[in-house]
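Student: One structure, pasted below without further comment.
The values are calculated or read from the model by the stated rules, or taken from the named source; none is laboratory data. Note that the coordinates shown come from a computational prediction; the quantities given were computed from them, not determined experimentally. Glycine gets a Cβ as well: all are built from the backbone with ideal geometry, and neighbour counts include every protein chain shown. Ligands, DNA and RNA are excluded from the accessible area calculation, which covers all protein heavy atoms including side chains. Shrake-Rupley method; radii C 1.70, N 1.55, O 1.52, S 1.80 Å.
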Amino acid sequence: MSLPPVLAIDGPSGSGKGTVCRRVAAALGWHLLDSGALYRLVAHGAAAAGLDATDEAGHAAYARTMDVVFGATPSGDESILLGGLEVASAIRTESAGAAASRVAAWSAVRAALVERQRAFAVPPGLVADGRDMGSVIFPEAGLKVFLTASAEERAARRHKQLMEKGINANLAALSLEIAERDRRDATRPVAPLVATPDAVTIDSTRLPPDTVVAQVLSLARARFGVG
Ligand code: DC
């Protein structure tokens, strides 16, 4: 069976992937896979279920069976129901991101999420946001983009985002956390964060989101003949 068009966008934390993927998916009228949310959900849900933080097989079993519904609230905010409970805010904290990065280093957890992620590829198309979208989950994706930005810029963006949400954050501490998460995500033995040779790299350090969205859309239109 041939896959519907897939646009894989990978990159490190804070590279602006989330915003760019959401806007590109909306502009193309395609589905969106936020794969990072799945790792955040595994870490959050397994902890809430009382699993030991070192229990890889238990986390993998949880990942296979967790009941997730992605959606939006009536006011348009993100909604994620995990076992019927709203967890969208709970999984977006820095500590939830760090916990996600730890469970994401386990091969059994990654394997448990492969089919769930591939199931998002349905017509008219999919924008897939993550670390291994182009390398492991959708190696045959029609277009692969590697979106990056300097570590300082990514820490500053995350700081601004958190402050806007009313969450107090310390820029120096955030920079250290981002550096640690980068190191863990890029050096793990399974599915490390890499730009595949066939990916188009966009460095967004000095680019406003509108420009990045326009660049990705123009690549997608040229490659897929859509829009
Ligand atoms: O994109 P994010 O910040 O929501 O991702 C949270 C963590 O999950 C990130 O530190 C690494 C991991 N992750 C991954 O290993 N593979 C993916 N495809 C997406 C996220």
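Student: To the nearest 10 square angstrom, what accessible area does HIS44 show with a 1.4 Å probe?
Tutor: 60
Student: OK, next. For ASP52, tell me the accessible area in Å² from a 1.4 Å probe, rounded to the nearest 10.
Tutor: Answer for ASP52: close to 90 Å² accessible.
Student: What does the helix-only formula give at 222 nm for the chain: each DSSP H stretch with n ≥ 4 adding -39500 (n - 2.57), the total divided by the residues, and the result rounded to the nearest 500 deg cm²/dmol?
Tutor: Details: 8 runs with 105 residues, N = 227.
Here the helix-only value at 222 nm equals -14500 deg cm²/dmol.
Student: Further, regarding this structure: Just to confirm a number: summing +1 for Lys and Arg and -1 for Asp and Glu over residues other than ALA49 whose beta-carbon lies under 14 angstrom from that of ALA49, what do you get?
Tutor: It works out to a net charge of -2.
Student: Right, here's the next one. Accessible area of VAL122, 1.4 Å probe, to the nearest 10 Å²?
Tutor: That residue has around 60 Å² of solvent-accessible surface.
Student: Cα atoms only, the range 106-193: Rg and Dmax in Å?
Tutor: Spelled out, the Cα radius of gyration and Dmax of the range 106-193 are 15.8, 43 Å.
Student: Check cross-link reach from LYS144 to the aspartates and glutamates: straight Cα distance under 18 Å, and skip same-chain residues fewer than eight apart.
Tutor: Within the straight-line cut-off, LYS144 pairs with ASP10, ASP34, ASP129, ASP132, ASP198, ASP203.
Student: Under a 1.4 angstrom probe, counting protein chains only, how are TYR62, TYR39 ranked by accessible area, largest first? Please report the intermediate quantities before stating the final value.
Tutor: Numbers: TYR62 50, TYR39 15 Å².
Solvent-accessible surface, decreasing: TYR62, TYR39.
Student: Quick one: grab the alpha carbon gyration tensor of the range 69-121, order the square roots of its eigenvalues as a ≥ b ≥ c, and give me rounded if a/c is under 1.5, else prolate or oblate depending on whether a/b is larger than b/c.
Tutor: Cα axes put the range 69-121 in the oblate bin.
Student: Each residue of the range 142-152 in turn: what ³J(HN,Hα) in whole Hz from Karplus with 6.51, -1.76, 1.60 and θ = phi - 60°, glycine and Pro shown as x?
Tutor: With coefficients 6.51, -1.76 and 1.60, one gets x, 9, 10, 10, 10, 9, 9, 6, 4, 4, 5 Hz.
Student: Oh, and also: Can you tell me the dipole magnitude for the chain around its Cα centre, using point charges on the Cβ only (Lys, Arg +1; Asp, Glu -1), in Debye to the nearest 20?
Tutor: Result for the chain is approximately 340 debye, rounded to the nearest 20.
Student: Which one, VAL122, GLY225, LEU176, is farthest towards the positive end of the dipole of the chain when Lys and Arg carry +1 and Asp and Glu -1 on their Cβ?
Tutor: Sorting the options by dipole projection puts first GLY225.
Student: What whole-number value in Å² describes the accessible area per residue of the range 10-107 for a 1.4 Å probe?
Tutor: I get 44 Å² per residue for this part.
Student: Sticking with this structure for a sec: Could you pull the Cα extents of the range 143-195 along its three principal axes, largest to smallest, in whole Å?
Tutor: 34, 25, 17
Student: Accessible area of the range 116-227 with a 1.4 Å probe: how many percent of it is carbon plus sulfur? Kindly include the intermediate steps, with their values, before the conclusion.
Tutor: Details: 3390 of 5750 Å².
C and S atoms contribute 59 percent here.
Student: Can you bin the chain into rounded, prolate or oblate? Criterion: square roots of the alpha carbon gyration tensor eigenvalues sorted a ≥ b ≥ c, rounded for a/c under 1.5, prolate for a/b above b/c, oblate for the rest. It would help to have the intermediate numbers written out before the result.
Tutor: Numbers: a/c = 1.40, a/b = 1.16, b/c = 1.21.
Rounded is the answer for the chain, as its axis ratio a/c remains below 1.5.
Student: Can you list the HN-Hα couplings for the range 9-21, worked out from phi with the Karplus curve (6.51, -1.76, 1.60; θ = phi - 60°), rounded to whole Hz and with x for Gly and Pro?
Tutor: 3J(HN,Hα) across the range 9-21, in whole Hz: 10, 10, x, x, 4, x, 7, x, 4, x, 5, 4, 5.
Student: Would you work out if the range 151-227 is rounded, prolate or oblate? Take a ≥ b ≥ c from the square roots of the eigenvalues of the alpha-carbon gyration tensor; rounded if a/c is under 1.5, else prolate when a/b is larger than b/c, oblate otherwise.
Tutor: Oblate, because a/c is 1.5 or more while a/b does not exceed b/c.
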